[in-house]
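A short worksheet on the structure shown next.
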Amino acid sequence: MPHLDAAYTLARYLTRNDADAEDVVQDACLRALKYFAGFRGGEGTSARAWLLAIVRNTAFSARRGKPGAAAFTEFDEAVHSEAIAERHPEATLLKRDARESFARALASLAPELREVVVLREVEGLSYKEISDVASVPMGTVMSRLSRARTRLQEALLSEKER
Amino acid sequence: MTHPEFVDQVDPYLDDELDRVQVRALEAHLSQCAECARFRDERMALREAIRGGLPGLRAPDMLRKRVEKAVRSAAAGAGGRSVRWAPWWPLALAASLAVVAVGSWRLGERRAGEEAFTQQLLASHVRSLMPGHLTDVPSTDQHTVKPWFNGRLDFSPPVHDLSQRGYPLVGGRLDYLGGRAVAVLVYGRRQHLINVYLWPSTAGPEVGPAVQARQGYQLLHWSLSGYSWWAVSDLGLSELQEFKGLLKDAESTGSSVQ
């Protein structure tokens, strides 16, 4: 499956949990397989954005379907920062403290805000593609991105003061 | 005091989502409003922090295997009666998995190569800004710069005069990048400098992404007229994009010294 890394990255940031991320990616790939015949390239939608949309929808519906748990697994610093650092050595380039405070700031974002940040900054999608993936108008993409960035900034600043 | 109507445009501006007219208006404002300019600088620093804190991840090998297996068994299942699944889609996808497994390894290697090249380019750019390193042939005259390369390179780079458009030629020099000698044309923009690297595209290193930002510099890459082009500068992305557009226009209308 092309774009498996991109799919995993999105799933991992949305679910904040390795096991859930893997389940989401697997489900999404099977769904992609099923709907592939319905995918028409062109119209500005790349295959990557299309797959990411499926990953995103799978992650969000998995979250709704979980009994009791209304949110994705809560961020557990001890588990998650270490797990990411171990498996993804590039993450250790960031100073440990900075990494942890950033992870906390990111975790504090609502999923709708976290999603646009990841789609833009990590997956490098255009506003148009993000609007397709998240099924919201471009204006909403812009305002969510702006809000998400401002929240991250505030969170990072307040972390610094601690 | 910042101006909300401009502040709201800063993020789309940095995301390269504004059109040329909006970019011009915003940049004109930013050059005059210190408060809004400070907001832009903060947002730029924030973006760096966000990117640094959000590494792209690699799917674990176990997951890769799991997905391959699931797709393969789905493919086998679909070989039967299913009407919804065109039977050859799963097969094609299963086959593409095998290809991708090899492909992503190659991609990793290529990315490392691209990164090394980008670093060379950046080092060359920074070195050129140190006193006495910018030009071998300092001249604003394209008719002086172009012949200077004769006998120094195995190609004769196209040299364009963009002074009328606000990007005067500063000079040219030789450099060595990715294992070959390349031509460098230096252009100015206010107090900023732009290094344009070019070489015949069949003979150079592999290409990288079209737009990159490193350590406060923007790197643009394109291919045209059989050459690989790179422009490196501390100019804002939109201005550098405009410069690239002018250079491409000049190149396709053939206004260079031939």
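Every read-out reported here was derived from the displayed coordinates using simple, explicitly stated rules and does not represent laboratory data. Bear in mind that the values here come from a model prediction, so they are computed numbers and not experimental data. Note: ideal-geometry Cβ built from the backbone for every residue, glycine included; neighbour counts use all protein chains shown.
Per residue of B:45-53, other chain Cβ atoms within 10 Å of the residue Cβ number 6 on average.
For B:TYR217, no residue 5 or more places off, or on another chain, has a built amide H under 5 Å of its own.
Counting Cβ atoms of other protein chains within 10 Å of each Cβ in B:65-74 and taking the mean gives 4. Take each residue in A:5-11, count the other chain C-beta atoms within 10 Å of its C-beta, and the mean is 5. Each of B:VAL67, A:VAL55 has some number of other Cβ atoms within 10 Å of its Cβ, and from fewest to most they run B:VAL67, A:VAL55.
For region B:116-253, the ratio of Cα radius of gyration to the globular rule of thumb 2.2 N^0.38 Å stands at 0.94.
Once backbone amide H atoms are built at 1.01 Å from N, B:LEU224 has B:TRP229 as its partners under 5 Å, excluding neighbours fewer than 5 places away on the same chain.
Where both bridge residues fall in region B:116-253, DSSP classifies roughly 95% of the beta bridges as antiparallel. What's the FRET efficiency of B:GLN215 with A:TYR35 using the Cβ-Cβ distance as r and R₀ = 60 Å, to the nearest 0.05? Calculated value: 0.90. Largest first, the three principal axis extents of the alpha carbons in region B:4-53 are 32, 23, 16 Å in whole numbers.
Which order do the peptides B:230-241, B:49-60 take when ranked by the mean count of other beta-carbon atoms within 10 Å per residue, highest first? Before the final figure, lay out the partial values.
On the way: B:230-241: 20.8, B:49-60: 18.8.
Going by the mean number of other Cβ atoms within 10 Å, highest first, we get B:230-241, B:49-60.
Our estimate of slack between B:ARG20 and B:ASP8, defined as 0.36 nm per intervening residue step minus the Cα-Cα distance, is 2.7 nm. Computed from phi, the 3J(HN,Hα) profile of region B:18-34 under the Karplus parametrisation 6.51, -1.76, 1.60 (θ = phi - 60°) reads 9, 7, 4, 5, 5, 4, 4, 4, 5, 5, 4, 5, 4, 6, 10, 10, 5 Hz, with x in place of Gly and Pro.
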